[in-house]
Every structure is written in structure tokens, then in C-alpha cells.
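To keep things clear, I will list the structure first and then write my remarks on it.
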Amino acid sequence: MAAGNRPWGALLLLPLLLPAACRAGTGCAGEGGPLEPFDALYASGVEAYYGGDFAGAARCLERALHSRRELRAARLRCRRRCRGQVRLAAPGAGAGEDLAFFGLVLRRANCLRSCEEPWLGAASRHRIAEEVRADFQRRVPYSYLQRAYIQLNKLEEAANAAHTFFMANPEHMEIQQDIENYKTTAGKVSLIDWEAKQHMEDYSAGVRHYDKEEYELAIDFFERALKGYYSEDEDCQIMCEGPQRFEEHEYLDYKAGLYEAIADHYMQVLACKHDCVRELATRSGRISPIENFLPLHYDYLQFAYYRVGDYVKALECAKSYLLFHPDDEDVLENAGYYEGLLEGMVDPDTIRPRKEAKMLLQRHKLESHLLQVAAAGLGYTYTEPNYWNRYGARQDEHSVPSSISSEPEDGPRLSLAKKPTSKPDRELKEGGPLLYSDVKFVYNSQQLNGTQRVLLDNVISEEQCRELHRVASGIMLAGDGYRGKTSPHTPNERFEGATVLKALKYGYEGRVPLKSARLFYDISEKARRIVESYFMLNSTLYFSYTHLVCRTALSGQQERRNDLSHPIHADNCLLDPEANECWKEPPAYTFRDYSALLYMNADFEGGEFIFTEMDAKTVTASIKPKCGRMVSFSSGGENPHGVKAVTKGQRCAVALWFTLDPLYRELERIQADEVIAMLDQEHLGPSELNINPKDEL
């Protein structure tokens, strides 16, 4: 969400949340006493922003973020202290056997209140509305902050605020463009994520050093990541002991019995604690965790330690990994090899898995057991997730260090070959017939340095390009497909578009030649058939979305451009270049399977289509558009792509997205099919382009 779109949840609460000082217009000056609620400070910052008081907005938003961090720190501090001071013991035997236990419960509750109130004030002051909580989870305050910093000419702070927001919202192209602008105006900017999870940062650094074969540095970062992980796990467990949200029942009226109410609340606390494994493996703004996150630390480490000659640590980490995956053949073989290297020097049986990994796994299994008992006996609905799935994440040849074919035959079989990833629901093929004799093959996946890619020429003729361009000029609407935003990807270009149904409607009404309108329909069907055939799909490929689009360079705005016409992205997942991942989750169009761009002209400057690596920086192929040229590719994270800046003229193309799932067929396409059927019945005839030509191969 950009700062121009108000977080409605927070603003509806403004009159109730504003501190007296802010309502009086005196801003967010610090005051003594208990911690100010962060939702009130946030509301003040938003009001100041829209009132044009950017200094006040920045001050309130900074304090809101600080207050939220302090609130968590105070609760952690008090819960740790009271755990130490009042330890719960099992109930004794005999008369009043449960009094001692519940006495300890009461003492701990009193300890917590006595500890928290001087810091926080009454607990009711910090009960935050879900809408506000969601805004902070999505890092919306940083979107406001970066806009306020711009107005205050604090460009470095603005860049960091934008980067912090973007790390949780990688699909937000406006913020992505803002960051590129900061790099231009502020010079060399070292971007900082102010909300980064340190254990995640250390893990990513470890992977980068591992990939460069800098094993000693990789070990340092992975060990730091593990230390941070277990510390964060303890914090997560403690924070789960706070209030829970009763989704189906409310026991504040004490309608349930004592033990039923306790069991209901405790099971929700336990489910929260059990899910800390997922929480710690999930990057900010994402829904899906990094698969197999904790075990992967030990998998990387076992091989890194082997590489630096520390076979004891290598065996220790291999055994730690095997706690989670005792049947992993590669690591079992590695462990046996390390034991052989240590023979005669140390007894391998004395080298044990790491204590913290063993304790976490034991606790996790006990939590799972209790949750399943509750589900069976107390009427809870619970399904145990697979927290240690080995094969869910995309992995390149360096991602999992479990075997290396470059090793000598008597060495550990830790090869650079990939571990199995999640099996696709179809076999990936290419090289099928192009169906039309005039279509010219140019490059395949290998020649385009990627997977499931093809470049073709002569898909349509020069005359058809000109006719389609004439149709475009009569039907396109600025901002079509982007909620009316005329410059959705860059402020330096105007974006216009139109759908197939709109073209046919205009043709039927006589606003454009009907034959020309039908051409748009027919060439998109021709493209679909070619893609389906070339990639040798064994099921029908359906239209997901079809869009005729033109990008026009705006005069006076082209000097020193360093942005893209369309930022690097993937078509069915959220590209996360920092993590080298692509998250297949909303708001991405996860149902898209294949994409195609059919170009209509070449009389413009710039506008090259580019494929990149997952880092969104390393270009693997660049394609210059021209009439009749079509590039097609699978829509996933294996094919990040974008468009270079159009610096002069207008670039037009037919953009097509396809799905193998009939549930996600393009509604407008179905309606267009009905229009075509009606036209055929009225003998209004097809365009000159025959989609079932006699010259099929």
C-alpha cells in the first residue's frame, strides 16, 4: 500500500486513539509515565501526514514503531523474570492437592502485573485493533515514513524506510520504483531493512558465502544464525503466553467449566508455540516458510566443516540433521564417511547431535502429541503440518550441500546434483511442432539460457501488425488493467491497454472495423495453439488473461533514466531477490502456467524484454521486439523477466497468460467466444487470419 492509500482500519479509529497532545496539535513530544500505545501514535502520525505536518508525522510514526518494539521487550522481560521467580510445580497429593499449584499460578499472574504496570500502565491501554495490527505486520507505517522523509529532504532515511516496506511487499511496484529513484538522486545508498530478522540475515549471508565456497565465513554465519534462531524460538514461545483470540468461543462470561476453559485457552497457547517453527522460518510479508529451514543449517554446516577439515564438527552436524530426517540417504552416507575419517582418533559414538536441536525436536513432538490428544478428546480441529518438508523449496545446484560429484570416489558423496524438489504435476517438455509453416523458430530454452523458454518470428505478418495497431489506437484506454493508473510501472511512460472482449464489442458497434477487431481474437488463439503445441502439453491450455498493451515514452522525462518500463517479476509467484526465492502465494496469480508476448512493432527506442536470474539483476537473455516476434515461457520463478525503459516512441504487444486449470479460465474470453459464435451465425465472417490454416504442418 502506498502512502496515498489510507489504512482504513487505523483511520476509523483515529478519534478514539489520538493522544490529547496530538489532538491539540502539539505533536508527539515525549512525555513521562507509562509507554504510549503504538496504535495511538500511529493514528497521530497518519493524521499529521494528511494534514501536511510531515515533521510531526515522521516523529509520531518513529515513536509508534519504537513503542511497539518496547512493548514486546517489556513483556518478554517480565515474563522471563516471573518464570524465574515463580516456578510452576506439579500438584501434590492429599487434601487440597491442587491449591499449591493454583497458588503458584496466582503468584505468577500477580508477578506479571506488578512487573508490567510501571512500564506499560493498565493492560487495556495496549489492546490493539486487528486492522492496526495488520498494518504493522505489513509494515504500512514505513510507507508513510518514506513519504514524510522525502518532504523533509531526508533521502537516506526515505530510502531505508522504502526498502523496509518493500522487503515485506515485494509485489509493490511503486515502492520498487521509488527505491530506484533514491539510488539516482541520493547517489550510492546502502539500503537497510529496519525490521530484518537477524537470524534470517545471517542464514542468507551463510548461503551466499557457501555458494562462493568461502566455507569458513559460511560456518561463522550459519553458527550465528543458529544461535539467533534458538534465541528467537525462546522469545516466540514466551510471547505465545499472552492473550489469545477465541475464534469460536468466548469464555469471558465463564459459561464453561474451570478445566474446559483452561484446556481451551492452553491449547490455543500450545498451538501458537508449536507454530513458532513456521514463524521463525517465514520472511516478513510472506505466508509460506522457507522449507526445511532449521535442518538446512545443519546440512550446510556438515559439509562446510568437512571442507575446512573439522571432521568432528562435520559428524556432529550430520547427526543433528539426521534427527529431523533419519532416512536421508545422502547424509547417512556422509556421516559414515566422516566416521571413517575419524577412525583411530576419536570414538564416533562419543560425537552426539547438538543438544539444542535434540531438545527442540523432543519438545516439538510432545507439543504435537498434546495437540492431537486435544483434537481427539476435546473436540478441537487440528491437522499437523509438515514442518520439516525437505523437498518443497526451489533449490539450485548449490542450495543443498548433501552430495558433491566433484569429490573423489572414496570421498563423501555430497554432490552438486540437485536434491529432489517438489515434483511438477506435468513432465516439462519442449520442441513440439509450431503448427504453422510461416512461423520461424529462433531460440529454445538452452539458447535463451533458461528453462521452458522459446523465441519465434513471423507469428503474424507486417500487414496484420499494422491492422492490429490501428485497432489498438481506437480501443485502448489509459491505465486499462491497472485500475486506471496511467503509469502503473514507471512515471516516465504512459500505459494503455484493451481486452479481446472490448475489441469485439467496439467492432460489433461499428466503432472500429469488425474484421480488424476479430483479428485480435484470432491471433491470440493462434498464439495459444502454438504455445500448447511447442511445450508438448498433454492437457488443454486455457486463456487466463489477454491484453493488448502499449507503452509510450513521455517527452521531457527520458534524460538519465535508470528505471525499467516493467520491473523484474515472475508471473505466478512473488519474486524475493534477497532470499533468492519466489513465493507462490497471493497476491500472485498462482494459477498461471505459461506466458507469451507477441510484439507488434519495432519503431521505438529501448523496450527490450529481458530474462534474469532470481537475483533480478543478472540478465540471462535480452530480446529486441519487432513485428511478429513472440517470446513464450513458463510463468514460475524459473523465469524472472522485465522490460527495459522505453525512451522514445511507443511499444505495443499482445500479452497473454495461460493456465492449465479450467477453473481459472478468463471470463472475458468465454464471453468473447460467445460473441464470435454469434457473429459466425450471422455470417459476419472471421478475419483474414485463419486459425485452422491449410498450411498447418
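Ranked highest first by the average count of other Cβ atoms within 10 Å around their residues, in what order do 541-550, 461-470 fall? Write out the running numbers ahead of the final one.
Values: 541-550: 21.9, 461-470: 16.5.
Listed from highest to lowest mean packing, they are 541-550, 461-470.
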Test of understanding: what is the full-extension gain from ARG125 to GLU216, defined as 0.36 nm times their sequence separation minus their Cα-Cα distance? 27.9 nm
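So, with a 1.4 angstrom probe, what is the percent of accessible area on the stretch 38-185 that is carbon and sulfur?
Exposed carbon and sulfur together represent 51 percent of the surface.
What's the extension gain from GLU156 to GLN237 if we count 0.36 nm per residue and subtract their Cα-Cα distance?
Values: separation 81, 0.36 × 81 = 29.16 nm, distance 3.59 nm.
Full-extension gain reported as 25.6 nm.
Compute the length gained on full extension between ARG107 and LEU366: take 0.36 nm times their separation in residues and subtract their Cα-Cα distance, giving the result in nm to one decimal.
Taking ARG107 through LEU366 to full extension adds about 90.6 nm, to one decimal.
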Leaving ligands and nucleic acids out of the surface, order TRP119, TRP194, TRP388, TRP583 by accessible area at 1.4 Å, largest first. TRP119, TRP194, TRP388, TRP583
How big is the accessible area of CYS627 in square angstrom, nearest 10, if you roll a 1.4 angstrom probe over the protein chains? 20
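My understanding is that a pair violates if its Cα-Cα distance is over 25 Å; which of LYS365/LYS584; LYS502/LYS617; LYS624/LYS648; LYS502/LYS644 do that in this structure? Provide the component values of the computation, followed by the final result.
On the way: LYS365/LYS584 28 Å; LYS502/LYS617 37 Å; LYS624/LYS648 14 Å; LYS502/LYS644 28 Å.
Those over the limit are LYS365/LYS584; LYS502/LYS617; LYS502/LYS644.
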What are the ³J(HN,Hα) couplings of the stretch 656-673, residue after residue, when phi is run through the Karplus curve with 6.51, -1.76, 1.60 and θ = phi - 60°? Round to Hz, x for glycine and proline. 10, 10, 10, 9, 8, 9, x, 5, 10, 4, 5, 4, 5, 5, 4, 5, 5, 4
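Only Cα pairs under 8 Å and at least 6 apart count here; give the relative contact order of the stretch 38-185 as a rounded whole percent.
Numbers: 129 pairs, mean separation 30.8, N = 148.
Relative contact order here is 21 percent.
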What distance in nm separates the simple spin-label points at ARG87 and LEU554, each placed 7 Å from Cα in the Cβ direction? 6.7
One finds the C-alpha centres of the stretch 302-349 and the stretch 492-522 to be spaced, in Å, by 65
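Counting Lys and Arg as +1 and Asp and Glu as -1, each charge on the Cβ, what is the dipole of the stretch 38-185 about the Cα centre in debye, to the nearest 20?
Details: 23 positive and 18 negative charges, 198 e Å.
I would put it at about 960 debye.
The values are calculated or read from the model by the stated rules, or taken from the named source; none is laboratory data. As the structure is a prediction and not an experimental result, all values here were calculated from the model. All Cβ positions, glycine included, derive from the backbone under ideal geometry; neighbour counts span all protein chains shown. Keep in mind that these areas ignore ligands, DNA and RNA; they rest on the heavy atoms of the full protein, side chains included. Shrake-Rupley method; radii C 1.70, N 1.55, O 1.52, S 1.80 Å.
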